[in-house]
1. Those residues that are more than 16 Å from ILE160 (Cα to Cα), polar (S, T, N, Q) and modelled with pLDDT under 95, I need them from segment 54-82; list them, please.
2. Looking at segment 149-170 only, could you name the residues that are outside any loop (DSSP other than H, G, I, E, B) and in contact with a helix residue (DSSP H, G or I) (Cβ under 8 Å, 6 or more places away or on another chain)?
3. Count, please, the residues in segment 81-110 that happen to be surrounded by 16 or more Cβ atoms within 10 Å (Cβ to Cβ), without any contact (Cβ under 8 Å) to a residue 40 or more places away in the chain and either in contact with an Asp or Glu (Cβ under 9 Å, 6 or more places away or on another chain) or not polar (S, T, N, Q) (or both).
4. Please work out if GLY100 is of a type outside the set (Lys, Arg), assigned to a loop (DSSP other than H, G, I, E, B) and over 18 Å from the mean Cα position of the chain (by Cα).
5. Only one of (1) modelled with pLDDT under 95; (2) closer than 25 Å to TYR144 by Cα is not met by GLU33, so which one is it?
6. Is there a residue in segment 59-72 that is assigned to a helix (DSSP H, G or I) and either in contact with a Phe, Trp or Tyr (Cβ under 6 Å, 6 or more places away or on another chain) or surrounded by 13 or more Cβ atoms within 10 Å (Cβ to Cβ) (or both)?
7. List, please: which pairs have Cβ atoms under 9 Å, are six or more places apart or on different chains, and start with a residue in segment 144-162 that is over 19 Å from THR116 (Cβ atoms) and in contact (Cβ under 8 Å) with a residue 40 or more places away in the chain and end with one that is outside any helix (DSSP H, G or I) and of a type in the set (Lys, Arg)?
8. Mind listing whichever residues of segment 26-58 are under 24 Å from GLU93 (Cβ atoms) and either acidic (Asp, Glu) or exposed (fewer than 14 other Cβ atoms within 10 Å of the Cβ) (or both)?
Amino acid sequence: MSRLRRPFLYDRYIFATVCLLKSRTKLREGDFERLADALARMRSKHGFGLTAWAFLPDHWHAIIYSPHPLSISRVLQAVKVSSTIAINLGRREAGELWQGRFFDRALRTVKEYGETVEYIHLNPVRRGLVRTPQEWKWSSVHEYSGARGEEQKRRCGLCIDRPRLPADERARI
């Protein structure tokens, strides 16, 4: 099977999904904490933006802004390696944690960006984990609902970068 070739996109908002290997135990509270910490550390180290996210037991979603020359592949590789080490240490386990491939899509318009944020935040509801998005701790929905970054950081250790988008939903981003 051939390897998927990704275009090198920079300075774009990218919707990414990373899935847990099917052979691994689903993520739990402590794992979410370690994933949030790994994402925050790699964000600080590499300088990418994080504008929306949600962690679920078998996958996670994020909208990431990777500035030139940083690619989404490099960002996700760093987060996956760092979080695998941390989660494995916490679980006293070894081995791969995440599927080798990931899903990503460049967001092209303000409307598409908004729809993707809504999709991310509604994911725990669609999965039957909670009744409303605000009940799920491991999501950026709280900041989109008015919580301040400092409050969100205390809640789960991770806060978003606020994107500056045009008012026209048809505008390209």
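The values are calculated or read from the model by the stated rules, or taken from the named source; none is laboratory data. Because the structure is predicted, anything quoted here is derived from the model rather than measured. Every residue, glycine among them, receives a Cβ derived from its backbone with ideal geometry; neighbour counts consider all protein chains shown.
1. Across segment 54-82, the qualifying residues are SER71, SER73.
2. Once the filter is applied, which keeps residues that are outside any loop (DSSP other than H, G, I, E, B) and in contact with a helix residue (DSSP H, G or I) (Cβ under 8 Å, 6 or more places away or on another chain), segment 149-170 yields GLY149, GLU151, GLN152, ARG155, CYS156.
3. 1
4. no
5. GLU33 satisfies all of (1) modelled with pLDDT under 95; (2) closer than 25 Å to TYR144 by Cα except (1).
6. Yes, segment 59-72 contains a residue that is assigned to a helix (DSSP H, G or I) and either in contact with a Phe, Trp or Tyr (Cβ under 6 Å, 6 or more places away or on another chain) or surrounded by 13 or more Cβ atoms within 10 Å (Cβ to Cβ) (or both).
7. CYS156/LYS137
8. LYS26, ARG28, GLU29, GLY30, ASP31, GLU33, ASP37, ASP58
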